[in-house]
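Pasting in a structure now, in structure tokens, and then I'll have a few things to ask.
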Amino acid sequence: MTAGLNCRFNVWRISTPTDDNVGGAVVTGTVVYYYIQARLHSVPSQQILLQQGLETEETFTAIVVPGNLDIRERDEIEDVAPYNSYYYGKRFRVTGSRHTDFAPDERRSYITLNLRRSEEAHNEQ
């Protein structure tokens, strides 16, 4: 793994197919990138919000290499390595992405992702 990067991700493209016969839709996804190198770290909540007693979402930032990937908002990333990671097997929803000003095919380019933990309502369907 490249120095400074601490995990690997699978990137899921989430889609909602047409409604089923009872009017509900089942959200599905397809893995578009496997085993992407990244650095994941949590972003602390603002202390002023915590002092007011407001609930805050657990947010994260990820630096993803290479910078020529098409990772969009509403995609989900799944931590797949290393196995001893705190977040192994967990999914995160992409809430924003920013590309660097390097050319996409340059080795120094990367993508910065804003993430939040993705919680599933029903694990078994």
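The values are calculated or read from the model by the stated rules, or taken from the named source; none is laboratory data. Bear in mind the structure is a predicted one, so any value in this text is a computation, not a measurement. Virtual Cβ from ideal backbone geometry, glycine too; neighbours counted across all protein chains shown.
Taking Glu73, is it modelled with pLDDT of 90 or more, in a loop (DSSP other than H, G, I, E, B) and under 19 Å from Arg116 (Cα atoms)?
Spelling it out, Glu73 is indeed modelled with pLDDT of 90 or more, in a loop (DSSP other than H, G, I, E, B) and under 19 Å from Arg116 (Cα atoms).
Under 6 Å between Cβ atoms, which residue pairs at least 6 apart in sequence (or on different chains) link something in segment 28-42 that is closer than 20 Å to Phe60 by Cβ with a partner that is among the polar types (S, T, N, Q) and outside any strand (DSSP E or B)?
Between residues of segment 28-42 that are closer than 20 Å to Phe60 by Cβ and residues that are among the polar types (S, T, N, Q) and outside any strand (DSSP E or B), the close pairs are Gln37/Thr2; Arg39/Asn6.
Out of the residues in segment 79-109 that are among the basic types (Lys, Arg) and within 17 Å of the chain's Cα centre (by Cα), which is surrounded by the most Cβ atoms within 10 Å (Cβ to Cβ)?
Among those that are among the basic types (Lys, Arg) and within 17 Å of the chain's Cα centre (by Cα), it is Arg91.
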